[in-house]
Structures are given as structure tokens and as C-alpha cells.
Amino acid sequence: MDVMIGSYCGQVNPAVVGNRAMPWLADIAQHIQGDKGTVLAAGRNRNILVPMPLDDGNTLDVVVKAFGRSGAFQAWRARRVGSKARRTWRASMHLAAAGAGTPMPVAFMERTTAGMPPEQYVITVFQDHVTSFAHALDDLYRREPDCETLMSLLNTVAVGIRKMHECGFMHNDLGNQNILLRRTGAMSWGDVQVIDLNRGRIRADGLTDRDRGRDLSRIALPSDFMRIFIEMYYGGTQVPPPEVLRWESHYRRRFAWHTRTRRWRHPLREARRHPAPGDPPTYPAPKDLWIWDERSGQPIITMQSRERSTHYPVSRNVRILISSLKALPRTWRDYRRFQQRAFKEPIQMAGRIGVAVEFQPTGMEQQLALLERLGALPVLVRFYHHRGQETSESTAALVETLRRRGHPVSIAIIQDRQAVLDSVSWDVFVTRILDRIGTRVDLVEAGHAINRVKWGVWDFAEYSRLMAPFAAWQKKHPETCIGGPAMIDFEYAYIPAALDSLPDGLRFNALTHHLYVDRRGAPETAQGAFAALEKFALARALAERTGGRFIVSEFNWPLRGTGVYSPVGAPYESPGERHNDPSVGEQEAAAYLLRYILIAICSGLVERVFWWRLAALGYGLVDDNDHCRERPAFKVLEVLLSRLEKSTFTGRTESTCASGGKAIWYRFESASGTNWWMGYTGGDPARAPRPGNEGRAYDAFGLPMEIESEIPLGMLPVYVVSEEKGEQT
């Protein structure tokens, strides 16, 4: 019920306002004039921080929101539905009673004086140590681009907004600046509170899908972050209702049009507008958002494909088209030639199989001990621009340790978006690394996955600029082997365009590529006309422009059940059925690792392969979240490397099993002249004739097998070691 507060009409919260506060409220206009308060937000509606007296002699910091002059329409509307102050008061009392987050209401007051603009005030308890969702995001985007921190922030806000909606309140102006929260830890927030409530609606019967979609449409996030936010809003277990998504998209488009046309609808107001205290921040441009996910070892996608495509420059596609057409005739001829030569020549197997190792502040000794069990195999080490100079120095020290232990070391130098925006920083970063270890490594891979914009490169002009310090280094040190363009997946059309975009003075000495076949399951499974063998042959044909050397610098299979630590589960496990999920079990990953290596190396098409990586929960040979538990892939690789040492591949055969399946055999000759084979089936388990005459058989883990004239084969290769020397068929 309204009461008179001096010459004002309004209401007070008796839990906060006492006898000493009433006369103070009656003189509210004087308390917020001049320099008597701290202006938190300026503009048409001002927020001023002032102390309010309490009955115990202390004061309480409160925020007075003074609403600006209303136009004729707003005055008419106020007579029908209440003034902005009155509507704000009703909403804040409703939220406070329901336990939903909003600053504690103190009072609202309004008065109309003849010949004077109407006065409206809402007073709430000042919230110390809070920030807006808008400022929290801006700070994270610019200074703390960490995925786990971002996911925690989004989830905290989504849960708070859901709580507000569940108490029957629709905000109607739910911009990021109107959501407050407190940071409670390095990666945690809490105490979500909504403000600026005068446009809100109380729905006694609850919110409809349309209401929810309309409110959510005002949250300003890149499209893929918004997808995750809505899934979090529904608790992460319920697929968001299609109607909510439809209305959210509808109102988002409508508000975007409203925003774009504001300067035409209100030209004078927009012309007079200047930045003021309390204004929401201006976020980085959508192309410049770059968030790192330590759990899955990659940056996260910020925009969905439709939004992302609006930012691609036309020149990018033009360059791809022209370069691909130029390269096509020769590449296709070479591809057919390499296809025919596959598996036809002896291959020395030593030094062909490598593994990537990631520097970690803790646990490196355990990783080095695991490497020692694999022998002096090649190792790939990455340097990340976003991790800074201190980590770069530690990574360089790791490289030197690996070299002392007998490992041939390759390095990859990896960009982020800031490397593109700040070329001086990137040049210094690259040059420092190369000056320290550039002449002592087998290979320097320049850049990373530039065909994926989440890695920070949007066009080939940006890529060319990133390659400038490598060109300068190669001019001074032509003996250094520099590889690239380090594309990812079977998207070879980008390769000629990248090679055509290299700066003057830079020529790659090897074609490096991150060739995953995981979305097709086994390496032998075809993507159209291209299984792993055909993909290797086509890449080898493209490598003719880089001296004929082709290196797979990254491959693996993401592991089922590893959630956000998997590249396909990150950054958030969405509810509902997953389609085209490439995740596999640990046994399958072990089998596919061996078969990928056999096809790549024994075909003669790939010089070297690197498994990414030794230790990782979502895809590593060992699980670094479980005391470096050795997975089957580690164990079978250990056995393979011990067998391959000083061996030579001498041939490949296929035969039909009695059950109709296909048995695939790879034949090797050891340094002593003993023949041995690796065999598996391309399909269901089957029994196949034993290769050679006499010998012993072992499974992929090196355990003896009982065999007679036939040997059981499955997806995991087995070993058959002959007791005779010389050629066998």
C-alpha cells in the first residue's frame, strides 16, 4: 500500500527502512545532487551511490535510481500500468519474495509538481564487489581467455536466469549489463542478480516458451556460446524445446534489426550519445574472440557455421578456388602414380613412428620415464604463443632434455588470434624459439590448423604475415627443415592456397598435415572414394611442391566416455543423442593406431607419423588424470616399436578367410634375416591360414598365442614370427 514520504508517494521495505530513514527519503532529491553521491551510471536514468541513515546510528549504502524525463507516450502508459519506478518496485519485491536474485529493495517514490518534470526514484541496497555479466565477459575475453572459466561463468548466469523465470518473472530487457554477479573463486561465480526491472512482467501462470525465448534473445553471446548457454539453462540434461529456440532466434533477429536502425530512428539522441560511467563494455570483434580449452588441448568454437560464414572474406574462397584449379592436373597425375606404387618398395622402419609430448608444470618425469620404455623414438613438442615466455623457456628446456636422451625432436610453433593481431609479439616469440633451438631440431612446423578459424587465422593474407619470421629465419639458416602448412583433416583444397600464399623467401622442406580419419572409424573405411591409403597418396602428391616429404604431424582417435576432455566432447557435453560421433573405445583406438601406422609407413607414402599425444585424458596413450594409467594403445605401441627396430617392410598381401572375411598381412624382415608378419581382418573376426611355414604367434600385447594351421584374426593385429630365414610368400 502506498504511503506518503514527505511530498512523495511510494512504498518502503520495513525490513530495511526505519524511523531515521523516512525524513532522509523525503529529501532524496537533495541527497543525490552535485557531488553528494557517487555516480555509478549516467545518462537519462542515473544511478547514484549514497549512504542512508539507520536507526542504530550506522549508515547503509544504497543506490538511488533516478529515472529521467518521460515522453508523452510513457506518461500515458504510466497512468495505465504504473510508472517505471512503481513497476520496478513490484518486480523487485516479487523476486525478493521468491528468493530469486535481485538487489534488496528499499523504497520507491514518485511525485508530480505542476510545471516540473515528474520525479521517480527506486532505492535498493548497494551490492558491493559485484560486476555485471557484460564486464565479466569482457574481462575474460581480453585477459583470461580460458574455457573452463568461461563455462563456469555461463553456467552460473544460466542457472540464475532459470531461477528468475521459474518464479514467473519475465525481464523483457535481459541484456548482459542488467545481470550482476560476484566472483567467488578463480573459476567460480555466484549470487546472480537482475536489475533494471521496469520492463518486466509477472506471469501468474508461468512463462510460455515464447516468453523464455524472448528473454533469452537479449543475452549477447557468440552463437555457439549461446547454444551452450541455453542448454545450461535447461540443466544440461534436457534438450531445449524447439519452440524456445524458434522464438529466441526470431526475437534475436528482430532486436538486431532494431539495433541497426537506431541511428535512423533517433538521429539526434544517437548523435549526442557519448560513453558514460556504467555503460556496458564493447566486446572484441567476433573474429577476434579466442578461448583456450586446456582440458581438450585446443581453442573452442565461438560461432556456429551460419554466423561464422558471414565473417569469411571473399578473397579466402577465391584463393582456394584458383590455387586448387592450378594444382589439380599435376596433383591428380601424381596421385595415380603414388597409388600404384603403394606397398611395392622395401621400407626401413626405424625412426618412422613418433609421439607428441606436451610440456606440463608437473608430472614431466613420469612422462619421460614412459618415453624411455618406447625407445629413442622421434618426439614432437609444441610451443604456444598464448602461454607466454616463461612456459616457452620451460618447453625449450624440455626439448634439450629429450635430445640428450637420444630422441630426434621436432617442434611445432602455434599461433593464437593475438599472434595475428600483434605481429611484433609473434615475430619476437618465433625468433626467440628458433634462436635457441632452431638449428638443433629435425623439423620446425610453422603454424597450426589454419583451415580452422578457431585457431585464429581467417584468411591467407593473415597466414602470409604469420609466416614472415620463418622466411627471415630460413634466409639465415637454409639448413633448417621447415614444414607446413599444417592443415587439419581431409581438406586438401586449402594446401595449394596456403603454399601459394607463403611470403617471398620461404619454401617448406616438408608437407606436414594433421590427418584424422576418426569420423570414418577404422583407417580402411572410405570417405567417398578415399580411405586412409588414398588420402595419404593424395597428400603425397601435393608434397611434390615441398621436396616430396610428407609427415603426418598429428593423428589420434578421441576416446569414448571422456566428456569435455575429448576434442569432440569439448567444451560442453550437450544433452541428447550425438550424431556422427567419432569416439571409440580404448581397444579400438589401440587397433586403429597400429593399422594407421602400417598403412601410412609401409605404403611408402608417409615419411613419419606422430600420435597426438603421449598423456591426455581424452585421447592420450596414457591417462594423465589417472596416475598416467597406460592405455591399450600405449602397450601395443611399445610392442610394435620393439619389433620394428632395425626391421624392413618387404610386402603386403590380402587373402580370403574361410568365413569370407579378408585377412591383411604385412611382412617384415629383421636385421638377422628372420621374417615376421602382422595380420588383422578388415571386418569381423575370422581364422586365416598362417603365413610362412613354422613360427610363433603373439597378440598385439606381445602375449603368446596357440595356433595350428590357421590363426584367429580380429581388429587388433597379431604377430607371427617365422623360425626360418629368407623370403616367404
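A short reminder: the numbers here are calculations on the coordinates, not readings from a lab. Being a predicted model, the structure only gives us computed values, none of them experimental. For neighbour counting, all protein chains shown are included, and Cβ atoms are generated from backbone atoms with ideal geometry for every residue, glycine included.
What the table below lists for this structure:
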| read-out | value |
| --- | --- |
| Sorted peptide list for 168-179, 9-20, 423-434, criterion being average Cβ within 10 angstrom, highest first | 168-179, 423-434, 9-20 |
| Which of Cys9, Thr38, Pro53, positive extreme of dipole for the range 3-125 (C-beta unit charges) | Cys9 |
| Local electrostatic count at Ala529 - Lys and Arg +1, Asp and Glu -1, tallied over other residues with Cβ under 14 Å | +1 |
| Angle between the chain longest axis and helix 223-233 axis [Cα atoms, degrees, rounded to 10] | 70 |
| Calculated from backbone phi, Karplus (6.51, -1.76, 1.60) coupling profile of the range 474-489 in Hz, x at Gly/Pro | 5, 5, 7, 9, x, 6, 6, 8, 10, x, x, x, 6, 6, 10, 6 |
| The range 573-619 and the range 48-71: distance between their alpha carbon centers, rounded to Å | 62 |
| Percent of beta bridges antiparallel (DSSP, the chain, rounded to nearest 5) | 70 |
| Calculated from backbone phi, Karplus (6.51, -1.76, 1.60) coupling profile of the range 603-614 in Hz, x at Gly/Pro | 5, x, 8, 10, 6, 7, 10, 10, 6, 9, 9, 4 |
| Whichever lysines have a C-alpha closer than 19 Å to that of Lys84, once near sequence neighbours (fewer than 8 apart) are set aside | Lys65 |
| The range 216-319, dipole about Cα centre (Lys/Arg Cβ +1, Asp/Glu Cβ -1), debye to the nearest 20 | 760 |
| Asp626-Lys476 FRET efficiency (beta carbon distance; Förster radius 60 Å; 0.05 resolution) | 0.85 |
| Neighbour net charge for Ser323 - beta-carbon separation under 12 angstrom, K R +1, D E -1 | +3 |
| For the chain, size of Cβ-based charge dipole, Lys and Arg +1, Asp and Glu -1, in debye | 3120 |
| Alpha-carbon centroid distance for the pair the range 666-714 / the range 631-656, whole angstrom | 11 |
| Spacing of the two label points (7 Å from each Cα toward its C-beta) at Thr653 and Gln348, in nm | 2.7 |
| Efficiency of FRET between His579 and Arg69 - r from beta-carbon atoms, R0 51 angstrom, step 0.05 | 0.40 |
| At R0 = 25 Å, FRET efficiency that the Cβ-Cβ distance of Gln30 and Asn58 yields, to 0.05 | 0.75 |
| Cα convex hull volume per residue for the chain (Å³) | 199 |
| Pairwise label distance in nanometres, Asp288 with Glu144, each label 7 Å out on the Cα-Cβ vector | 2.1 |
| Stretch gain in nm, segment Asp684-Arg262, where the contour uses 0.36 nm per residue and the Cα spacing is subtracted | 145.5 nm |
| Cβ-placed point charges (K, R +1; D, E -1), dipole of the range 131-275 about Cα centre in debye, nearest 20 | 940 |
| Environment charge of Arg519, counting only residues whose C-beta is closer than 10 Å and scoring Lys/Arg +1, Asp/Glu -1 | -2 |
| Part-to-part distance (alpha-carbon centres) for the range 133-206 and the range 391-449, which is given in Å | 40 |
| For the chain, with +1 on Lys and Arg beta carbons and -1 on Asp and Glu, the positive-most of Ile413, Ala342, Leu325 along the dipole | Leu325 |
| Value at 222 nm in deg cm²/dmol, rounded to 500, when DSSP H runs of n ≥ 4 in the chain each add -39,500 (n - 2.57) | -11000 deg cm²/dmol |
| √(5λ) per eigenvalue of the Cα gyration tensor, the range 323-643, largest first, Å | 27, 25, 21 |
| Segments 488-494, 159-165, 441-447 sorted - mean Cβ within 10 Å per residue, highest first | 441-447, 159-165, 488-494 |
| Packing-based order for 617-624, 386-393, using average beta carbon neighbours within 10 Å, highest first | 617-624, 386-393 |
